[in-house]
1. Which percent of the Cα-Cα distances in region 3-267 go past 24 Å?
2. Could you pull out every one of the lysines with an alpha carbon less than 26 Å from that of Lys71, ignoring same-chain neighbours closer than 8 positions?
3. With both bridge residues required to lie in region 3-267, what share of the DSSP beta bridges run antiparallel, to the nearest 5%?
4. Starting from the coordinates of the alpha-carbon atoms of region 91-196, obtain the Kirkwood hydrodynamic radius over all distinct pairs and give the value in Å to one decimal.
5. Starting from the alpha-carbon convex hull of region 1-123, give the projected area averaged over all orientations, in nm².
6. Rounded to the nearest 20 Debye, what is the dipole magnitude of region 3-267 about its Cα centre when Lys and Arg each give +1 and Asp and Glu each give -1 at the C-beta?
7. Mind checking the log10 I(q)/I(0) for region 169-268 at q = 0.11, 0.19 Å⁻¹? Debye, one equal scatterer per Cα, no solvent, two decimals.
8. Could you compute the longest span of the chain free of trypsin sites (Lys or Arg not before Pro) located in DSSP loops and having at most 13 other Cβ atoms within 10 Å, not counting the site residues?
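Laboratory data are not the source of any read-out in this text; all were calculated from the coordinates shown. Quantities reported herein were computed from a predicted structural model and do not represent experimental measurements. Backbone-built Cβ (ideal geometry, glycine too); neighbour counts: all protein chains shown.
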Amino acid sequence: MPKIITMGNQKGGVGKTTTTANIADALGRCGNRVLVIDADPQGNCTSVFLREIHLRERFSLVKALEAPPGKGFFSTNACRTHSDNVDVIPNNIRCMLWERSVASTPDSFLGFSRVMRKDKGLRNYDYILIDTPPNIGAMVNNALMVSDYALIPIPTGDQFALDGLAIYLNLLQNIRSQNEKLRLLGVVLTKFDSREEIYVKNRQKIMTFFSRRGIHVFNTSIRLDTDIDKGHMKRKTVIEFNASAAGALDYSALTEEIVTIVRRTYKE
Ligand SMILES: Nc1ncnc2c1ncn2[C@@H]1O[C@H](COP(=O)(O)OP(=O)(O)O)[C@@H](O)[C@H]1O
Ligand SMILES: [Mg+2]
């Protein structure tokens, strides 16, 4: 069965989408079959991977979730992308209506697992990566309920992202009481600027803070890199836009670290 990793942090602009897209791309380039589930109604991951805008209406996460029981599947809503081995389930703004309509129903936590349980097409994937919105709502709850791992991107210089993190860590704890396989894969520091002393000091401070709490921080930090934005403007991951850019090298190295941890866990 595929390993499922959710990118999460209740704050926006921390690098969830960038991290999802680039890990997916790097995994795909190494020959893994990857499914990206865009669980953010803003559809940013969809924008990076799917240039054919009209497909967003024909196939979507919400379409699978809204179908009558037994008729909706994630795998049949997955679209091929221009990245080798990467498929994406698109999202759109209708997802917000779905989230509202399932409030206080089992689907607010269990919609994904209900739809995924009988989806044989998902067995074709090695990894499923889920990009989530910057809140703690039905999409985030659903994603964590089906995940093997949570990965938390935190910008190296963003105090506000750190301040609110206790809420997300509490959520992981609560979900773990219902989804025992969920583990915190670790924290990845993003937007790291080694030229600024304050970033270097803050990186060390954050690493010590999490290590003392037994939370893994990846050795690879993602450097601040304008090629990431430039790539997005052309609907490309930074790896596709410029394979020798700092961001591309860092995301490839991070992906190697992730694969090593996942392999080690499943050998145990
Ligand atoms: N390492 C980085 N260097 C420079 N810009 C980055 C980096 N990571 C992300 N960005 C930019 O920061 C913005 C927010 O990133 P994004 O991945 O969309 O965050 P989120 O999904 O958490 O809201 C985007 O404009 C993105 O291109
Ligand atoms: Mg995003």
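1. So the pairs more than 24 Å apart make up 44 percent of the total in region 3-267.
2. Within the straight-line limit of under 26 Å, Lys71 reaches these lysines: Lys3, Lys63, Lys118, Lys120.
3. Counting DSSP beta bridges with both partners in region 3-267, the antiparallel share is about 5 percent.
4. By the Kirkwood definition, the hydrodynamic radius is 15.5 Å.
5. Values: hull surface 30.2 nm².
Reported value for the Cα convex hull: 7.5 nm².
6. Rounded to the nearest 20 debye, it is 640 debye.
7. Treating every Cα as an identical point scatterer, log10 I(q)/I(0) equals -0.44, -1.05.
8. On the way: sites that count: Arg51, Lys71, Lys118, Lys181, Arg195, Arg213, Lys234.
That would be 119-180.
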